[in-house]
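What follows is a short report on a single structure.
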Amino acid sequence: MPLVHNVMRFVSLALVGAFACGRGAAPPGTAGGPVPSPSATAEPEGPPTISPVAAVERPLPPPPPPPEPVPGRQPVEVEMRNVDLHITEDIVLGVRHLRGRFLPAGKSDIPFLDDKGTYVVVLDSAEIAMDMRSLNVLMTDHVLGRGHSNVKRLRISTDDEGRLRQEGVLDKDIDVPFKTKGAVEATADGRLRVHAKSIKGFGLPVKPLMKLLGIEMDDMLEVEPGHGVMVDDNDLILDPQLMLPPPHIRGKVSAVRVEGDRLVQTFGSGTPKPLRPAAVSRNHIYWRGGELRFGKLTMARTDLELVDKDPKDPFDFSVDHWSEQLVAGYSRTTASRGLKAHMPDYADLRARRAAPR
């Protein structure tokens, strides 16, 4: 019992130190802080009595609004089905179905497929999955990494009850290892809330102690604004619109669930809405209407379908290397002057490059 008491006392001191630094106060005995007297540093005879501190409400900033359509221009409608969408080499979105629009962004007035900064994908209805490998790369490399946060060595996984587990280290005056476990749900404004059911520091439950001290996760966790992660009391608020690298998406999450090692998000109604006339392939990316640029071509009244040459598995498509897939396939012009481009999977191209000659 003395060991447990000492460890809990150490955890509480660590949390108090983290709380003080989070509020801008200097630790005792340092410049700007009071120097403790001998009586103040004496070992207490029993556990201290601490009164709970009232939590301070901090309103969350609203999610980003969708871009406005260009006046006088018809938007480019898009449909995707059974697509493994490589946003980067290591971040893959499993698009089960998607219906939305490509709207120009930045200084461009026409979406240009070769430049993912020239368009934003507005989601009307979609179901998109992300496995834990992609989610961990996204969080460590793009959201919390590069000095954006004081969280180090973060690892996210799932359990058999459909909850998210997070392990890492909080970089404060001392490194505080932590573990959290919680359910994930959609918020009313279309974001994700990860509700912390349990919080452990140094391997011991600290949530009751935090409640007693009036400390919340947002007192310890530092996240740079604009990267899609916010803290609301002890919950994490995740905004896919801000977390993902380009091409940026705009759309409200209406439901979320955990399937094995995948986080499945539903946007909008979640009902598949095929374009008309229908796509010819089971796995595809299909654009219709408006103007769309790709390569050296600009298509008016767009009718472009990217067809999976191997429909036995999802269409593996790379946003950055899709022109290589286009060159490795073949194209056909339809009677209505549309274009059907039959393309191999991106993974197959990488395997060919890696194979010995």
query: Accessible surface of residue 157 in the full protein assembly, 1.4 angstrom probe, to the nearest 10 Å²?
result: 40 Å²
task: Obtain the nm distance between the two label points defined at residue 167 and residue 320 by a simple spin-label model: each point lies 7 Å from its Cα along the Cα-to-C-beta direction.
output: 2.9 nm
query: On full extension of the chain, what length is gained from residue 114 through residue 261, given 0.36 nm per residue of separation minus the C-alpha to C-alpha distance?
result: 49.7 nm
field: In Hz, Karplus ³J(HN,Hα) per residue of region 245-260 (6.51, -1.76, 1.60; θ = phi - 60°; x = Gly, Pro)
entry: x, x, x, 6, 10, 10, x, 9, 6, 9, 7, 8, 8, 9, 10, x
message: I'd like the trypsin sites (Lys or Arg not before Pro) in region 54-136 restricted to DSSP loop residues with at most 11 other Cβ atoms within 10 Å, sorted by number.
response: 107
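With +1 on each Lys and Arg Cβ and -1 on each Asp and Glu Cβ, how big is the dipole of region 266-357 about its Cα centre, in debye rounded to the nearest 20?
With Lys and Arg at +1 and Asp and Glu at -1, about 280 debye.
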- prompt: Counting Lys and Arg as +1 and Asp and Glu as -1, each charge on the Cβ, what is the dipole of region 225-306 about the Cα centre in debye, to the nearest 20?
  reply: 660 debye
query: Once phi is turned into θ = phi - 60°, what whole-Hz ³J(HN,Hα) does the Karplus curve with 6.51, -1.76 and 1.60 give for every residue of region 180-190, x standing for Gly and Pro?
result: 10, 9, x, 7, 10, 8, 7, 8, 5, 9, x
- line: Sparse-neighbourhood loop hits (trypsin sites (Lys or Arg not before Pro), region 216-301; DSSP loop; Cβ within 10 Å at most 14 others) -> 282, 296, 301
query: When only the heavy atoms of the protein chains count and the probe is 1.4 Å, how do 113, 339 rank by accessible area, highest first?
result: 339, 113
statement: Given a Förster distance of 35 Å, the FRET efficiency implied by the Cβ-Cβ spacing of residue 331 and residue 273, rounded to the nearest 0.05, works out to 0.85
statement: Of the listed pairs 116/296; 107/252; 116/309, those with alpha carbons more than 22 Å apart are 107/252; 116/309
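The values are calculated or read from the model by the stated rules, or taken from the named source; none is laboratory data. Quantities reported herein were computed from a predicted structural model and do not represent experimental measurements. Cβ coordinates were reconstructed from backbone atoms using ideal geometry, including for glycine residues, and neighbour counts include every protein chain displayed. To get the accessible areas, we keep the full protein, side chains included, count just its heavy atoms, and leave off ligands, DNA and RNA. Shrake-Rupley method; radii C 1.70, N 1.55, O 1.52, S 1.80 Å.
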